[in-house]
Amino acid sequence: MEAVHDCVVKLRSNPRRRRDTVCVGCGAGFGGDRPMAALKLLERVKELNYLVLECLAERTLADRYQIMMSGGKGFDPRVKEWMSVLLPLALDREVCIITNMGAVDPLGAQEEVLNLASTLGLELTVAVAYEASSGTFGNSIYSNESTGVGQGRSTYLGAASIVHCLENGKPQVVITSRVADAALFLAPMVYELGWNWNDFEELSQGTLASHLLECGCQLTGGYFMHPGDAYRDFSFEQLLGLSLPYAEVSYKGEVCVGKAEGSGGLINYSTCAEQLLYEVGDPANYITPDLVVDFRDVKFHQISKDKVLCKGAKPSNPCQPEKLLQLLPTESGWKGWGEISYGGQECLKRAHAAEYLVRSWMEETYPGIEEKVISYIIGYDSLKTIGGNKDSPDKQVMDARLRMDGLFELEEHAVKFVKEFIALYTNGPAGGGGISTGQKKEITLQKILVDREKIFWQANMKRSTHPCSQSQKQATNVDKGQMRDQQKHKHPGRGAMGTQHSNTGMDTIMPSAVPAPSGTKMPLHRIAHGRAGDKGNDLNFSIIPHFPGDIGRLRAVITRDWVKNAVSPLLDSSSFPTDRSVRRRNDLLEHVTVEIYDVLGVSSLNVVVRSILDGGVNSSRRIDRHGKTLSDLILCQNVILPP
């Protein structure tokens, strides 16, 4: 069995530079990404050395833990699907695949891939790197080596365990447990470029590249196109043709990010700036297990339609975190929810009546429990993008879908809620239909900082065995060839794609050269763009002016009070507030804090709003648990810029 290692930073012994430049691609930016998009990147970027599949988030980690505790798979169940699509060509191109699809059972994922390889007649080595028992270092806090620490604890590991695998076995696949997103990409850079853990300048640039890549197509035009916005609008066809990103990183720390030549989508200053600030919190202290990096002076320079040069990342002080972030699954109660639709005349008032009835019925049995429930009208105010302005008369709303969502301490409360909601069919206002309900036990991930020396990791490698017979292998090779031919037919090569998107040059969307007017009320989206993300119960959004020179005037407008006022509708517990619910909202608003950071390199603001996401993605009762739609709540606010 492989030795157990603690997470104390240890310098590499005489690291060797294997390449002057390494090319690392992102094949997946989240668990629901598209295997065929990864295959296209693998087919079209011949320089790729590594393909990283980043498929694990706090929500998916909690889900996998719950599923495994119920007897299901603790690893990503799509790992077989992904590897079936990618392995044949990756092996042919000698591209190593690195992924965190192991989740809370990386050893199980390793066996799944090995079995698949044997079935396909592929000979390969699959390494696994995972948080491990403390072994002889002290009392073990683990329940078993596959599921991680006792009670499902999972720590964000750094790149060292992956580098160890690459150094000691030259695997074709590396599967990990909860490794920090950036570390998945940084590890092959460290290994190939001969970096050591005290090469802070180079590691900072490598971490910049890793952060830009980790969310996949968010760097190359995905989650960016916005019809009606002159600075972000482009065709559906251009969006359809977008490419996953890759980075070319030199041993000196030079970074260039790009997309497949001639592909659709977009990679430029604006897309890079949005991804740079995405969920980073304080840009002067972007914390990873390997390094703390300062992104404030990062700049982007377009060098071609498909490539952007990235400079300016530097180590913070201190530059390495003393503690690691650990996640502890914690029961947060029972969720109960229901939806019902009303249409036509006064449908909004009927939805109001339905909400009133369900709350009142719950109060009859459990006094005070209605405060555990929030409600909203899907298509009217569920995303709060209209803020506090509900001036539209009821008659303009002809299609109202009421959703009520409660988080209760006891299962019986959730069960009761569902029963009362269903009763609307015969006991509610006229014309209600399309009821759907559900209940579920919710798990949140409590965050704890733990000393490095108390966290351990382990790695092992296995080679696929029992390959199929020669005749089976020949048949498999024929199948692989047919699959590649089919993909080439469905997705033409560079020439065809280049022709299809010949009008999508690098100047399609660039920061405006014209300053925004002063003294005129206008929506913020005419002046700036941005992206919203979450970290636990905290919202993180960026404000990036189309004209960089507008940042000074924006800074005068975007104050802490302005931000609190903009996000305050999120704390409404009902589409039809009462005096009591308004007081509750105001009480909650007292606990909300706002931090605003200047990011000089991209002339932008990064805003963090604490305690605004209803407990965070794993327990939130809102329709958008992540808060990603809140970028438009912010950008729809009217502002008046000073001279």
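Computed from the coordinates by the stated procedures, all read-outs in this text should not be read as laboratory data. All figures in this text were calculated on a predicted structure; none of them were measured in a lab. When we count neighbours, we look across all protein chains shown, and the Cβ atoms used for this are built from the backbone with ideal geometry, even at glycine.
Taking the Cα centre of the chain as reference, the dipole from Cβ charges on Lys and Arg (+1) and Asp and Glu (-1) amounts to some 800 debye.
If only the Cβ of Lys and Arg carry +1 and only the Cβ of Asp and Glu carry -1, the dipole of the stretch 521-640 around its Cα centre is close to 140 debye. Remark: the stretch 331-447 is approximated by an ellipsoid whose semi-axes, taken from the C-alpha gyration tensor as √(5λ), come to 25, 18, 12 Å, largest first. With the convex hull drawn over the C-alpha atoms of the stretch 510-559, the volume per residue is 91 Å³.
Compared with the dominant Cα axis of the chain, that is its longest principal axis, helix 106-120 is turned about 60°. Counted residue by residue at 0.36 nm each, then reduced by the alpha carbon distance between them, the extension gain from SER235 to ARG580 reaches 119.5 nm.
Sorting the segments 517-530, 154-167 by their mean number of nearby beta carbons within 10 angstrom, highest to lowest, gives 154-167, 517-530.
The simple spin-label model puts a point 7 Å past each Cα toward its Cβ; for ARG463 and GLU123 those points are separated by 0.7 nm. Translational diffusion of the stretch 521-640, estimated by Stokes-Einstein from the Kirkwood radius over alpha carbon pairs at 4 °C in a medium of 1.567 mPa s, is 87 µm² per second.
Counting only Cα atoms, the size of the stretch 560-629 along its three principal axes is 45, 26, 18 Å, in decreasing order. Angle check, please: helix 35-44 long axis (alpha carbons) against the longest principal axis of the chain (alpha carbons), in degrees 0 to 90, nearest 10. So the helix axis and the longest Cα principal axis differ by about 40 degrees. Computed from point charges on the beta carbon alone (+1 for Lys and Arg, -1 for Asp and Glu), the dipole magnitude for the stretch 331-447 about its Cα centre is near 280 Debye. All C-alpha pair distances within the chain, sorted into 20 Å bins from zero, spread as 18, 49, 31, 3 percent across the bins.
When peptides 33-40, 361-368, 402-409, 174-181 are ranked by their average number of other Cβ atoms within 10 Å per residue, the highest-first order is 174-181, 402-409, 33-40, 361-368.
Annotation for MET69 and SER436: the two label points, set 7 Å from Cα along the Cα-Cβ direction, are 2.6 nm apart. Ordering ALA516, MET362, ALA38 by the projection of their Cα atoms onto the charge dipole of the chain, which places +1 on the Cβ of Lys and Arg and -1 on the Cβ of Asp and Glu, puts ALA38 at the extreme positive end. One quarter of the convex hull surface built on the alpha carbon atoms of the stretch 194-287 amounts to 6.9 nm², the projected area averaged over directions.
Residue ranges 256-262, 84-90 sort as 256-262, 84-90 when ordered by packing (mean number of other C-beta atoms within 10 Å per residue, highest first). The mean sequence separation of alpha-carbon pairs under 8 Å and at least six residues apart, normalised by the residue count of the chain, gives a relative contact order of 16 percent.
To the nearest 10 degrees, how steep is helix 579-589 against the longest Cα principal axis of the chain, on a 0 to 90 scale? The answer is roughly 30 degrees. Note down the relative contact order for the stretch 521-640 as a percent, whole number, built from C-alpha pairs under 8 angstrom at least six residues apart. Relative contact order comes out at 42 percent.
Between GLN396 and ASN638, the modelled label-to-label distance comes to 1.4 nm, taking each label 7 Å out from Cα in the direction of the beta carbon.
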